[in-house]
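Encoded as structure tokens, the structure appears first; notes follow it.
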Amino acid sequence: MNGPEIHVEFAPALQVFVPQARRGGATRVATDGVSTLGHVVESLGVPLTEVGSLVVDGREVAPAHVPAAGESVTVRSVEHPQRVPGAPLRFLLDVHLGTLARRLRLLGVDTAYESTDIGDPALAARSAAEKRVMLSRDRGLLRRRELWAGAFVYSTRPDDQLHDVLDRFRPELRPWTRCTACNGLLRQAAKEEVADQLKGGTQRTYDVFAQCRACGRAYWKGAHHDQLEAIVEQALSRDTRRG
């Protein structure tokens, strides 16, 4: 770009996306005179899913604003909690976020997950068709216009990923109500109903079971229950403190 020059400053939370030379204050950016401000911001590395508002010379503008020479632009990050109007809050995760998907389901959050790489166009189409917030670390995917809504997952650590998503969106938590394998809803089940899924030791030791209404998978308080309980308790504790 070699057209009108503007000054752009990014909020601290967004500077992880921009080149080192553009961090820490306002920098000069040459535009082409026809591209929207949203396009300019994304060309600098910041997905619009992470932008809370765009302020030009003290007034808030839409991403469709075409910047003029000399304008000063402040790019703000999204506010927490972030509200997503127009549909119940639910998520879609890409192939790289399987652990996060299982933990969100454990907490009763409606979470779709693609366990194979179906490609960005298909993911974006599903987000739009089902009105789900796309969670991903793929900035290219988050730039697709057909997305219903999206959010970048900043960390590579599942604990931090979960905390960040819960802090950003504040979904209603209903632990132990969803299947961690398929996202279906659970119901109480008698031992006889799930007997074909139980090994001898499990059948002798446990009497309380749940079963997924969608895929039929059986659940009980097995060897990993304490670890799962700790995840649930920590999430509920954070949710209570925020409330």
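The values are calculated or read from the model by the stated rules, or taken from the named source; none is laboratory data. Just so it is clear, the structure is predicted and the values come from calculations on it, not from any experiment. Positions of Cβ are generated from backbone atoms using ideal geometry, with glycine treated the same way; all protein chains shown enter the neighbour counts. Surface accessibility is based on the protein's heavy atoms, side chains included, excluding ligands, DNA and RNA. Shrake-Rupley method; radii C 1.70, N 1.55, O 1.52, S 1.80 Å.
Electrostatic bookkeeping for VAL208 treats Lys and Arg as +1 and Asp and Glu as -1; over the other residues with beta carbon under 9 Å from its beta carbon, the sum is +1.
Keeping all protein chains in place, calculate the accessible area per residue for segment 63-104 (probe 1.4 angstrom), answer in Å². Don't jump to the answer; show the numbers that get you there.
Numbers: 2120 Å² over 42 residues.
Here the per-residue accessible area is 50 Å².
Ranking GLU9, GLU79 from most to least accessible surface, computed with a 1.4 Å probe over the protein chains only, gives GLU79, GLU9.
Rg/Rh, computed from the Cα trace of segment 146-222 with Rh as the Kirkwood radius, has the value 1.12.
Once the Cβ-Cβ distance of ALA13 and LEU185 is raised to the sixth power relative to R0 = 30 Å, the FRET efficiency obtained is 0.30. Derived from the Cα gyration tensor, the three semi-axes of the equivalent ellipsoid of segment 77-233 are 32, 16, 14 Å, largest first. Sum -39500 (n - 2.57) across every DSSP H segment of at least 4 residues in the chain, then divide by the residue count to get the 222 nm mean residue ellipticity, nearest 500. My calculation for the chain gives -8000 deg cm²/dmol from helical runs alone.
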